[in-house]
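Colleague: Pasting a structure below so you can have a look.
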Amino acid sequence: LSVSGQPNLGFLLPFVFILHRAILPLRGATQFIWTPVLDGTAGFLPRMPLDERKQGRFAKVPILAGVVHDEGSGTLMQRMHRWEGRTIPIEEFTDMVARRTIGNILNSENVYRFNATAQELYTRYTWWPNLSNNTARWERTVAIISDYEINAPLEAVVRFHAAYSKQAYFYEFAYVSPNDTHRSQPLYGVYHGAEQPFLLGFPFMNRTFWAQLFDGQPTPAHSYQNFVYPHDHNISAFLMELWTNFVKYGNPTPQPVQNITWMPFKPLEEGYLFIYRNSSMRYKFRPVHMAFWRERFLKLAEPVPPSSPLYYFHMFHSQLATIILGSLILLILVILIVFIVLNCRRPEPDEFRHDVRLAVPGAAPESAFQTAFKDAFASRVSPASDPLEPPPLCDQFAVRMKYNRGTMEMDEPTSSDVTTRLLLSDPYGSIVSHPPPPKIPSMSVSRVAVHPKRMIPRHRDLRSDAVLQSRLADHTSMLDNRGGFTMDL
């Protein structure tokens, strides 16, 4: 029990949640859970109710049915709050809001021909005499909900019964007590269920009698103090007598009630009772709009039959989180693989290049460098012997270096017509012509002109100065006993 002594029904919340959410509604189907379901030929409801009524397969019983003037006001306010995020007052219910509301209504009904249907609804329900009247615009928008969801279907049911029975009665209730709780909100109008307090006799509620009848229980909220006007009592007495007569005799007015004789709804006359302060019989309940919803709307809009949902709403957030997490993991793996591939293909530094041919096993340690030096210079082809080689370098100046038994002398540059070349006397006495070696940092050699079209091999250009100096020293020591050699650059 709660603090107030009332039973605590909090444990029922999971059950209510399961009741409303366990079965996912179909797309385009109503959101109400207690609606009829087609069971097939072997079930209770084998076919669509409309098809059953067209074929006359229904109980031909006396029927008394009716509507209030603003059936869809409460429904529209709830949907507007969901669509717009707030309750829009009449002053802000502009033409743009009305158009957007019509679009939301059609989207909720899952129609196929959206644009044509929206345009016709706007044209048919717009208050053309005064387009700036927001109150009239709101009432006409409420009429769309009222006609589509309640008025047209109920009028069609009474019409089917009238074709087979003479005891079909239809009414429109248009009275609201001046002291009604919703009277302060003009958006409601004559809202859905406004006739029920009068049918139950609330204006005649006696608190003493109620307490005696229900063991001292208080009267229902707003059951007595809101209905104190004379018209409230008249309307309540009028409705209770009509409904009682219909239950007893199958006719609401076997005798006139308050000078009113309620005529049955007939196919040609289509008479109905308009209940107000001064009630009266009227004929043809909203004939143009009822015919539109009955004959044209289904052909124009082509509503899509209820189908399976596009996705399971309850699992959507979990699926979305799984997809996002999987995408992030896949992206990280791709980045890691690309990084590994690029790191493996990175070029090695010059000092780690294996471009030196190793000496034969058993040779002296310095023979590897001597062999590499000989390969580098002996494998060159003389420019004069190669017809594809470019012309010799420009003769600007020359540097003459003499190596005599470990010593090096350098002459001053002279201008001569000698091509830049290197004459190397190897131990066997042969002369090999080759490009000049790279610059040695320890020597202060003047700038040497290089032919602009003469390309230095890349593997020679990338070698460090220290390696070249070491190789030159090794070759010099090898030729130490042979005398000297001269390099003309």
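Readers should treat all values here as calculations from the given coordinates under stated rules, not as data from a laboratory. Predicted, not measured: the structure shown is a model, and the values here were computed from it. Cβ sites come from the backbone with ideal geometry, for glycine too, and all protein chains shown count toward neighbours.
Colleague: Using a Förster distance of 35 Å, how high is the FRET efficiency between TRP243 and VAL37, based on the Cβ-Cβ distance and rounded to 0.05?
Modeller: Numbers: r = 31 Å, r/R0 = 0.88.
Step by step, r from the Cβ atoms, then E = 0.70.
Colleague: Quick check: pseudo-label points 7 Å beyond the Cα along Cα→Cβ at THR123 and ARG47, how many nm apart are they?
Modeller: 3.4 nm
Colleague: So for TYR272, TYR229, TYR191, fewest C-beta neighbours within 10 Å to most, what's the order? Working shown, then result.
Modeller: Values: TYR272 24, TYR229 13, TYR191 21.
The fewest-first ordering by Cβ neighbours comes to TYR229, TYR191, TYR272.
Colleague: Going by C-beta contacts inside 10 Å, put TRP138, TRP83 in order with the fewest on the left.
Modeller: If I rank by nearby Cβ atoms, fewest first, I get TRP83, TRP138.
Colleague: Let me ask another. If I model a spin label as a point 7 Å beyond the Cα along the Cα-Cβ vector, how far apart are those points for ILE90 and LYS266 in nm?
Modeller: 3.9 nm
Colleague: While we're here: Arrange the following residues from fewest to most other Cβ atoms within 10 Å of their Cβ: ILE150, ILE144, ILE88.
Modeller: Working: ILE150 16, ILE144 22, ILE88 19.
Arranged by neighbour count, lowest to highest, ILE150, ILE144, ILE88 become ILE150, ILE88, ILE144.
Colleague: Within the range 61-305, how many Lys pairs that are eight or more residues apart, or on different chains, come under 25 Å at the alpha-carbon? If you can, show how the numbers build up before the last one.
Modeller: Working: LYS166/LYS248; LYS166/LYS266; LYS166/LYS284; LYS248/LYS266; LYS266/LYS284; LYS284/LYS299.
Here the count comes out as 6.
Colleague: At a Förster distance of 51 Å, what's the computed FRET efficiency of ASN104 paired with TRP210, Cβ-Cβ distance as r, to 0.05?
Modeller: Values: r = 44 Å, r/R0 = 0.86.
The computed FRET efficiency comes out at 0.70.
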